[in-house]
Ligand code: PMT
């Protein structure tokens, strides 16, 4: 299934337990998957880890008291409404008991009672507390109400005891949260290579040939692949976008540099998506000094061009059996027919054919495309580039 394209919000409840420091890693894990995280803490949690840590990580205010929402008298209600999921990790026996009984006496438990979002609880406590009949009964009550649990694990506990009660591994909690949100990490363990942006081809040290590519389409594909768990390399020509976090960004300028970088990372890639608008031609003999009018240097008046290497065709020709190669076709006319020709001529597994022109394709936030494969054509309506990115990755994944 496709990863979601609208950003989800997880409200992370942190209660007072030595494992509270692991909540910071949970924040990062969720953020890596493209999820927005807001944190609500009990007063006891603040004894173990400071709200500043979460504020810095989330770039969001952290709720620690019932009446601390500036300009928001009923903060627990607005927090409750914002959440797509309320994850409480770690959750103490006390907080679990309160939620089971409907007690709402602080910002965390009040929000838990007020929210209509699904509740996911990752308990952490001493083994005797975890196994106490009251705790087990509270868990049963909550499960019967549809609350999901990431059960505590067996192991060495901070109090010195050994047994069940240790907070589940961060990865397990993050995976459970993403599953509850309907966000699958279906590219986990995969490597994705993306080329993006334009190339620039020097005429002299101050002038160059290029095109209108902003990088938005390629960056959206790279971001979607990261969100879905892939290890991503983004080889990008010069653009003004900031590369998404948690990927390897390789900045290049010319087509020759882009080929060198893409060729280095291509052999390890499961999926390679060639989104870049590579200049087909480059000046045959770029000048080493600025060309000046009146110098009699013909290279300013008449720029002799030579062909650039075709990065997509070069690498698709050496692709291994386990690799999927996706190319683009930027067309001003006969988009579908020209895209079909490029599928064959470039030896790609898929071609994403789109219209380009003034205020079309280049630099826009939306795109309309045909995804052309060897077994059929998907005719897509105009949609945000983020959404198209997920569909392209879905199709590539089907071929893996
Ligand atoms: O960056 P944006 O502003 O978001 O705009 C997105 C886009 C319009 C650039 C993008 O959607 C797109 O169409 N990218 C392909 C641009 C292009 O160069 O198309 P093409 O039809 O000329 O090339 C066909 C394919 O061959 C492309 O995958 C291209 O990356 C590749 N190619 C082309 C020439 C070359 N020398 N080397 C290549 O690898």
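Values in this text are rule-based calculations from the coordinates and carry no lab data. This one's a predicted model, so the numbers in the text were calculated from it and none came from an experiment. Glycine gets a Cβ as well: all are built from the backbone with ideal geometry, and neighbour counts include every protein chain shown.
Would you work out the relative contact order for the range 1-154, in percent, from Cα pairs under 8 angstrom that are 6 or more residues apart?
Rounded, it is 24 percent for the range 1-154.
Taking Cα centroids, how far is the range 302-316 from the range 172-251 in Å?
23 Å
Mind listing the Cα extents of the range 229-305 along all three principal axes, in Å, largest one first?
Here the spans come out as 57, 24, 18 Å, largest first.
Could you rank the peptides 371-382, 35-46 by their average count of other C-beta atoms within 10 Å per residue, with the highest value first?
Top of the packing list down: 35-46, 371-382.
Work out Dmax and Rg for the range 253-363 from the C-alpha atoms and quote the Rg first, both in angstrom.
In Å, with Rg to one decimal and Dmax whole: 17.2, 56.
What would the Debye formula give as log10 I(q)/I(0) at q = 0.24 Å⁻¹ for the alpha-carbon point model of the range 212-267, no solvent?
For the range 212-267, the Cα-only Debye profile gives -1.00.
May I have the pair-distance distribution P(r) for the range 356-400, computed from all Cα-Cα distances with 10 Å bins from 0 and rounded to whole percent?
25, 52, 21, 2
Applying a 10 Å radius around every beta-carbon, put 112-123, 280-291 in order of their mean neighbour count, most first.
Working: 112-123: 20.8, 280-291: 14.3.
For the peptides 112-123, 280-291, the packing ranking is 112-123, 280-291.
Using the Kirkwood formula on the Cα atoms of the range 1-120, what hydrodynamic radius do you get, in angstrom to one decimal?
Hydrodynamic radius (Kirkwood, Cα pairs) of the range 1-120 is 14.2 Å.
Order of 241-247, 94-100 by packing, highest average Cβ count within 10 Å first?
Descending packing order for the listed peptides: 94-100, 241-247.
So what are the range 148-198's ellipsoid semi-axes, whole angstrom, largest first, if each one is the square root of 5 times an eigenvalue of the alpha-carbon gyration tensor?
Numbers: eigenvalues 250, 40, 12 Å².
Rounded to whole Å, the semi-axes are 35, 14, 8.
So for the chain, averaging the separation of alpha carbon pairs under 8 Å that are six or more residues apart and normalising by length, what relative contact order in percent results?
Details: 867 pairs, mean separation 48.3, N = 400.
In percent, rounded to a whole number, it is 12.
Just need the relative contact order of the range 282-400 here, percent rounded to a whole number, with Cα pairs under 8 Å and 6+ apart.
RCO, the range 282-400: 18 percent.
Hey, what's the Kirkwood Rh for the chain if you take every pair of different alpha carbons, in angstrom?
23.9 Å
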